[in-house]
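Okay, so here's the structure we're looking at.
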Amino acid sequence: MKVIKKQLADLKRPEKNVRMHNDKQIQEFRRSIEMFGQIRPIVIDEDNTILAGNGLYETLLSMGRKEADCYVVKGLDEKGKKKLMLADNRIFNLGVDDISVFDEFMRDLKDDLDIPGFDEDMLKSLVMDLDEANVVIADYGLISDEQAEEMREAGEKAEARYDEIAENAIEHTPAQVPDEVREAADYAEPYKADGEDIEHRYILCPKCGERIWL
């Protein structure tokens with residue numbers, strides 16, 4: 001397979017692409033390129049239209065790169081190009097991880113788990129020993145002094161606001177509902193007198209005397 005250099009400005013996005021590339025994937029693509037360089041070519045046709053490697057292309061553009069390694073596939077008709085695009089995405093997805101080998105790699109890399117495509121904290125949780133796990137569990141749910149102060153201030157503000165509302169609230173005495181309204185089949189809304197202000201109003205519970213906010 002002959003790989004050649006191509007200017008990114010000369011490459012063309014396909015009219016339609018089977019795979020969508022989100023910001024997270026582009027970010028991980030970028031980490032990979034920064035760590036290893038371009039490790040596979042962008043596959044294009046004779047017209048410089050991308051058949052495989054659109055995510056890599058978008059990543060290189062975002063990094064300000066000017067050229068990329070490319071492989072030109074020749075002699076495919078439009079159906080053949082569509083089949084190549086479908087096959088490239090599907091065959092990759094058919095692979096299955098060997099968990100035992102994955103675990104072995106994680107143990108070997110325990111002190112360096114900065115790996116593109118993976119969350120480093122998640123990987124660390126997979127390889128920590130029992131003592132480390134106990135420390136993490138013991139610290140779970142603890143908050144810093146700054147967070148505690150923010151929560152205290154928020155609580156004080158909420159309490160002050162409630163006191164202000166309670167001080168200015170109006171005790172409500174439900175209005176008498178007219179018989180013709182009570183008997184109406186389509187009566188759905190509580191009856192209230194014209195112009196009645198219902199903001200920050202309450203009634204007193206006849207049993208316990210507590211406020212019931214309306």
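The values are calculated or read from the model by the stated rules, or taken from the named source; none is laboratory data. Predicted, not measured: the structure shown is a model, and the values here were computed from it. Neighbour counts are summed over all protein chains in view; Cβ atoms, including those assigned to glycine, are modelled from backbone coordinates with ideal geometry.
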Within the stretch 81-101, is even one residue touching a helix residue (DSSP H, G or I) at 6+ places or on another chain (Cβ under 6 Å) and either assigned by TED's automatic domain parsing to the domain that holds GLU120 or of a type outside the set (Gly, Ala, Ser) (or both)? no
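Looking at the stretch 34-47, can you tell me whether even one residue there is under 25 Å from ASP119 (Cα atoms), among the small types (Gly, Ala, Ser) and not assigned by TED's automatic domain parsing to the domain that holds GLU120?
yes
To keep it simple, each residue is scored yes or no on (1) closer than 30 Å to GLU120 by Cβ; (2) small (Gly, Ala, Ser); (3) under 32 Å from the mean Cα position of the chain (by Cα); (4) outside any helix (DSSP H, G or I).
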| residue | (1), (2), (3), (4) |
| --- | --- |
| LYS2 | no, no, no, yes |
| LYS6 | no, no, no, yes |
| PRO14 | no, no, yes, yes |
| GLU28 | yes, no, yes, no |
| ILE39 | yes, no, yes, yes |
| GLU46 | no, no, no, yes |
| LEU56 | yes, no, yes, no |
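Pull up the stretch 46-74, narrow it to residues that are among the acidic types (Asp, Glu) and farther than 18 Å from ARG19 by Cα, then point me to the one that is surrounded by the most Cβ atoms within 10 Å (Cβ to Cβ).
Residue satisfying both the conditions and the ranking: ASP69.
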Yes or no: the stretch 5-15 includes at least one residue that is closer than 26 Å to ASP114 by Cβ and buried (at least 17 other Cβ atoms within 10 Å of the Cβ). no
Can you find even one residue in the stretch 17-25 that is of a type in the set (D, E, K, R) and either in a strand (DSSP E or B) or modelled with pLDDT of 95 or more (or both)? no
Scanning for something at pLDDT 55 or above, under 28 Å from the mean Cα position of the chain (by Cα) and loosely packed, with under 10 Cβ neighbours inside 10 Å, does the stretch 183-201 turn up at least one residue? no
Got a sec? Which of ASP121, ASP112, ASP129 is surrounded by fewer than 11 Cβ atoms within 10 Å (Cβ to Cβ), of a type outside the set (A, V, I, L, M, F, W, C), at pLDDT below 75 and closer than 29 Å to SER32 by Cα? ASP129
Is it fair to say ILE50 is assigned to a strand (DSSP E or B) and not basic (Lys, Arg)? yes
If I ask for residues that are in a helix (DSSP H, G or I), touching a strand residue (DSSP E or B) at 6+ places or on another chain (Cβ under 7 Å) and among the charged types (D, E, K, R), which ones from the stretch 58-91 would you list? LYS81, ASP88
Suppose the filter is among the basic types (Lys, Arg) and outside the structural domain of LEU8 (by TED's automatic domain parsing); does LYS110 pass it? yes
